[in-house]
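One structure is given below, encoded as structure tokens.
The values are calculated or read from the model by the stated rules, or taken from the named source; none is laboratory data. Values in this document were obtained by computation on a predicted structure and should not be read as measured data. Quick reminder, even Gly has a Cβ in these numbers, built from the backbone with ideal geometry, and neighbours come from all protein chains shown. Ligands, DNA and RNA are excluded from the accessible area calculation, which covers all protein heavy atoms including side chains. Shrake-Rupley method; radii C 1.70, N 1.55, O 1.52, S 1.80 Å.
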Amino acid sequence: MEVIVADNAGFCFGVKRAIKMATDTLDRAPGPVKSLGQLIHNPQVVHLFQRRGLEVVGDLDGLSPEETVVIRSHGVGPEVKLQAMERSLNVVDTTCPFVTKAQQYAAKLIADDYKVVMIGDAAHPEVIGVVAHTQGKAIVINTVQEAEKLKFISRMGVVFQTTHSIGHVQEVVGALLKRGKEVRVFNTLCGATTSMQKTAVELAPTVEAMVIIGGRQSANTAQLSEVCRKVNPRVFQVESAEEIEEQWFAGMARIGVSAGASTPDEVIAEVVDRLTRIEPAAAGA
Ligand code: SF4
């Protein structure tokens, strides 16, 4: 089959940066190196790092002074960094600069006496970290319906989970405007995700199906699938080439591919290779 890969598919700047910082740390740190949560939402990369000695921990309990802990690109709340300092841990902070900006805007809004509303997934580590920068005072919503249920807020400050799509936040902000007197919005969307979504959405209607590659835990991969589905209902999301089933592409000859920000080039290449080998006639048999 003909396979077209969207521009900007795969590793974003923030993930490349986190991987480089973690690699350098493993090369240089004198003792054990721990990652607070999985470094990125990609199982293959996490396994590779585990083999190199990067152990994933859920919290800082049990870490000894002078051990090194890597904070992932999603960031953490200020209380976690404080706890690391109190325990005399060496901290390598790979928080993506886009996430840091969202944390700073949220903290500034609270300091300026705005009620902060964050549009995002309340369970996502990035959102948990941003909310922690508001002393836990931010309200998290993710849908127009949730926005419509909010009580009226006289001074409202709005930030977004960095990986959301522009179309989605525009709809929710539209609903929020009816729930506030003064509504101050900071655009905290990440430029890398926005470009990735744009090129995938341009490609999706020109092909018979889209294959989106990325970890099932990855918020930006889920968003990528969702925006593509709006312009082409045949979207298949996979973590690796092994998950691809020929019958999905029965009768098709032209497939588009894009990948979430934590998907390595090798995984994209394997998926493209697998798809290219599918004979259009065989797929329909
Ligand atoms: S997707 Fe955007 S916010 Fe997330 S790590 Fe990559 S560049 Fe940073």
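Key figures for this structure:
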item: Cubic angstrom per residue, convex hull over Cα atoms of region 127-192; result: 84 Å³
item: Between region 172-188 and region 200-278, the alpha-carbon center distance in angstrom; result: 34 Å
item: Total charge dipole magnitude, region 95-234, about the Cα centre, Cβ charges on Lys, Arg, Asp, Glu only, Debye to nearest 20; result: 320 debye
item: Ordering of 263-273, 28-38 by packing [mean C-beta count within 10 Å, highest first]; result: 263-273, 28-38
item: For the chain, with +1 on Lys and Arg beta carbons and -1 on Asp and Glu, the positive-most of 240, 206, 275 along the dipole; result: 206
item: Protein accessible area in region 159-263, 1.4 Å probe - carbon and sulfur %; result: 52 percent
item: Most to least packed among 72-82, 159-169 [average Cβ atoms within 10 Å]; result: 159-169, 72-82
item: Probe 1.4 Å, accessible area per residue of the chain, Å²; result: 46 Å²
item: Alpha-carbon Debye profile of the chain, log10 I(q)/I(0) at 0.07, 0.08, 0.11 Å⁻¹; result: -0.30, -0.39, -0.70
item: Residues of type aspartates and glutamates that residue 16 reaches as a straight line, Cα spacing below 18 Å, ignoring anything fewer than 8 places off in the same chain; result: 7, 24, 27, 93, 126, 265, 266
item: Note, ³J(HN,Hα) from phi for region 174-183, Karplus 6.51, -1.76, 1.60, rounded to Hz, x at Gly and Pro; result: x, 6, 5, 4, 7, 9, x, 7, 10, 10
item: About the Cα centre, charge dipole magnitude for the chain (Lys/Arg +1, Asp/Glu -1 at Cβ), debye; result: 1120 debye
item: For peptides 92-99, 148-155, 230-237, sequence by mean Cβ density within 10 Å, most packed first; result: 92-99, 230-237, 148-155
item: Dipole of region 1-56, positive end: most advanced residue of 23, 45, 13 [Cβ charges, Cα centre]; result: 23
item: Lys, Arg +1 and Asp, Glu -1 on Cβ, resulting dipole of region 22-105 about Cα centre, debye, nearest 20; result: 280 debye
item: Cα gyration tensor shape for region 162-267, rounded if a/c is under 1.5, else prolate or oblate; result: prolate
item: Of 115/181; 108/181; 137/198; 34/101, pairs whose Cα-Cα distance is over 21 Å; result: 137/198; 34/101
item: Selection from 177, 107, 196, by position along the positive dipole direction of region 77-196 (Cβ); result: 177
item: Amide H contacts of residue 237 (H built 1.01 Å from N, under 5 Å, at least 5 apart or other chain); result: 212
